[in-house]
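Asker: Take a look at this one; I'll ask things after.
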């Protein structure tokens, strides 16, 4: 094969890949795990957990990947209130000496979404995840790291699910518009 044929083959491959990418992107394909955030979720503030907590860092990262960001309360479109962030370890089985050799890890994430003026947008909800893992008494350090990794992964999965749930519920909310009534400036009407 000559140099010219090799270059031509590479050029054909590049053109073929570009055409494939254009076709895939034009049909609405998106990678799994990507979340399209509404304006309400693109700029949020976080309450109920410290800014430097593991949960806050994960929320910031997941939001960033989805095109959103965490901001100070005064600049937010909505307020994400964390009502629970807990993990529990339960003994799943024991060996012949009565020592635990398998555990169930349970992670719970409670949350609700409010407007910046503290009016509820999405009611309080909870996500619970469970994972089992085996414990080897001869390898305690590695199993401790494994438990931390599992909890981290469950926390990250729960945050992603939380954003998907919030986005879906925001999309399914009935539109609320002000009523043109000068005697009652706070009344609203729902469009069905």
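The values are calculated or read from the model by the stated rules, or taken from the named source; none is laboratory data. Everything quoted here is computed from the prediction, not taken from an experiment. Heads up, the Cβs are rebuilt from the backbone with ideal geometry, glycines too, and the neighbour counts pull from every protein chain shown.
Asker: Would you mind finding the one in 170, 92, 113 that is surrounded by 10 or more Cβ atoms within 10 Å (Cβ to Cβ), under 30 Å from residue 36 (Cβ atoms), at pLDDT below 95 and in contact with a strand residue (DSSP E or B) (Cβ under 8 Å, 6 or more places away or on another chain)?
Answerer: 170
Asker: Going by what's in this entry, would residue 56 be described as at negative phi, crowded, with 17+ Cβ neighbours inside 10 Å, under 17 Å from the mean Cα position of the chain (by Cα) and free of Cβ contacts under 8 Å to residues at least 24 places away in the same chain?
Answerer: yes
Asker: Now for a separate question. Give me a count of the residues in region 82-115 that are out of contact with any helix residue (DSSP H, G or I) (no Cβ under 9 Å at 6 or more places or on another chain) and touching a residue at least 40 places away in the same chain (Cβ under 8 Å).
Answerer: 3
Asker: For region 36-63: of the residues being out of contact with any strand residue (DSSP E or B) (no Cβ under 8 Å at 6 or more places or on another chain) and over 24 Å from residue 117 (Cα atoms), which is modelled with the lowest pLDDT?
Answerer: 36
Asker: How about region 62-80: which of its residues are in contact with a helix residue (DSSP H, G or I) (Cβ under 8 Å, 6 or more places away or on another chain) and under 16 Å from residue 164 (Cβ atoms)?
Answerer: Selection gives 62, 63, 66, 67, 68, 78, 80.
Asker: Still on this model: Testing residue 75 on (1) within 30 Å of residue 45 (Cα to Cα); (2) in contact with a strand residue (DSSP E or B) (Cβ under 6 Å, 6 or more places away or on another chain), one condition comes back false. Which one is that?
Answerer: Going through the list (1) within 30 Å of residue 45 (Cα to Cα); (2) in contact with a strand residue (DSSP E or B) (Cβ under 6 Å, 6 or more places away or on another chain), residue 75 breaks only (2).
Asker: Which condition number does residue 151 fail, the rest of (1) out of contact with any helix residue (DSSP H, G or I) (no Cβ under 8 Å at 6 or more places or on another chain); (2) closer than 22 Å to residue 41 by Cα being met?
Answerer: If we test residue 151 against (1) out of contact with any helix residue (DSSP H, G or I) (no Cβ under 8 Å at 6 or more places or on another chain); (2) closer than 22 Å to residue 41 by Cα, just (2) comes out false.
Asker: Just checking, how many residues over region 77-100 are within 16 Å of residue 130 (Cβ to Cβ) and assigned to a loop (DSSP other than H, G, I, E, B)?
Answerer: Result for region 77-100: 0.
Asker: Give the residue that is modelled with the highest pLDDT, with candidates limited to residues of region 126-144 that are surrounded by 13 or more Cβ atoms within 10 Å (Cβ to Cβ) and farther than 18 Å from residue 156 by Cβ.
Answerer: 135
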